[in-house]
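Following: one structure in structure tokens, then a few remarks.
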């Protein structure tokens, strides 16, 4: 079945450590997105990519980095510069013929 | 900032219709209205979208005002499983740019 997969479901980060969240889709979608969600809050856009080898900053990109080397993959790295990384991270993809956003099941990142 | 305004929370009795409003007064002519919902600790799920005509699918109905400045999502017979946060967003068809979600409406369906 086609879909979007995030891993791991839970992730712990130590002080000063970079961690990478995986997002893979087999929907052949061009556009992919990363959102951050804090408890009781809505979704805030971190980065998005409309095509391979290209990406743009969203509203809260500081302390995060991404890459888009393959159409299927859009990993998010939470760097040590992100001082408050504890949150629920959601990845999504969007095709051009089907305008529904498909979301992964999310990764809960916590700081040790 | 989000292009839409929604009430932060609403209650609905089980079996009754849930009517969730959304204001999008700055919507442009080529922008659609989309609704998603998020059950706790899961990824949001698509519900329905529309441009100017009312729409209905197996999950819900979408009523868009004639001036397109507001819309209402209707869950005709709410169940406890419909308890979730509902997001209304506007976006151009074919736009793959910056998709902005607001804080949504927390719908609580009560027995």
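Which count do you get for residues in the range A:77-108 that are surrounded by 15 or more Cβ atoms within 10 Å (Cβ to Cβ), more than 13 Å from every other protein chain (Cβ to nearest Cβ) and closer than 25 Å to residue A:27 by Cβ?
Summing the residues that are surrounded by 15 or more Cβ atoms within 10 Å (Cβ to Cβ), more than 13 Å from every other protein chain (Cβ to nearest Cβ) and closer than 25 Å to residue A:27 by Cβ in the range A:77-108 gives 1.
So which strands (runs of 3 or more DSSP E) stay within the range B:1-103 end to end and still have 3 or more residues that are within 14 Å of chain A (Cβ to nearest Cβ), closer than 26 Å to residue A:51 by Cα and free of Cβ contacts under 8 Å to residues at least 24 places away in the same chain? If you could, list the steps in order and put the result at the bottom.
Values: elements: B:9-13, B:18-23, B:31-38, B:45-50, B:61-64, B:70-75, B:84-92.
Once the strands (runs of 3 or more DSSP E) in the range B:1-103 are filtered for at least 3 residues that are within 14 Å of chain A (Cβ to nearest Cβ), closer than 26 Å to residue A:51 by Cα and free of Cβ contacts under 8 Å to residues at least 24 places away in the same chain, what remains is B:45-50.
Tell me which residues, restricted to the range B:20-53, are closer than 25 Å to residue B:83 by Cβ and exposed (fewer than 14 other Cβ atoms within 10 Å of the Cβ).
Residues of the range B:20-53 that are closer than 25 Å to residue B:83 by Cβ, as a first pass: B:20-24, B:33-50.
Those that are closer than 25 Å to residue B:83 by Cβ and exposed (fewer than 14 other Cβ atoms within 10 Å of the Cβ): B:39, B:40, B:41.
For every residue, the table says whether it meets (1) modelled with pLDDT of 95 or more; (2) closer than 20 Å to residue A:103 by Cα; (3) within 14 Å of the chain's Cα centre (by Cα).
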residue: B:1; (1), (2), (3): no, no, no
residue: B:16; (1), (2), (3): yes, no, no
residue: B:40; (1), (2), (3): no, yes, no
residue: B:53; (1), (2), (3): no, no, no
residue: B:104; (1), (2), (3): no, yes, yes
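Scan the range A:81-112 for residues that are over 19 Å from residue A:37 (Cα atoms) and out of contact with any strand residue (DSSP E or B) (no Cβ under 6 Å at 6 or more places or on another chain) and jot them down.
Within the range A:81-112, A:95, A:96, A:97, A:98, A:99 meet the criteria.
I'd like to know if the range A:94-112 contains one or more residues that are closer than 12 Å to residue A:8 by Cα and without any contact (Cβ under 8 Å) to a residue 60 or more places away in the chain.
No, the range A:94-112 contains no residue that is closer than 12 Å to residue A:8 by Cα and without any contact (Cβ under 8 Å) to a residue 60 or more places away in the chain.
The values are calculated or read from the model by the stated rules, or taken from the named source; none is laboratory data. Keep in mind the model is a prediction, meaning the values are calculated, not measured. All Cβ positions, glycine included, derive from the backbone under ideal geometry; neighbour counts span all protein chains shown.
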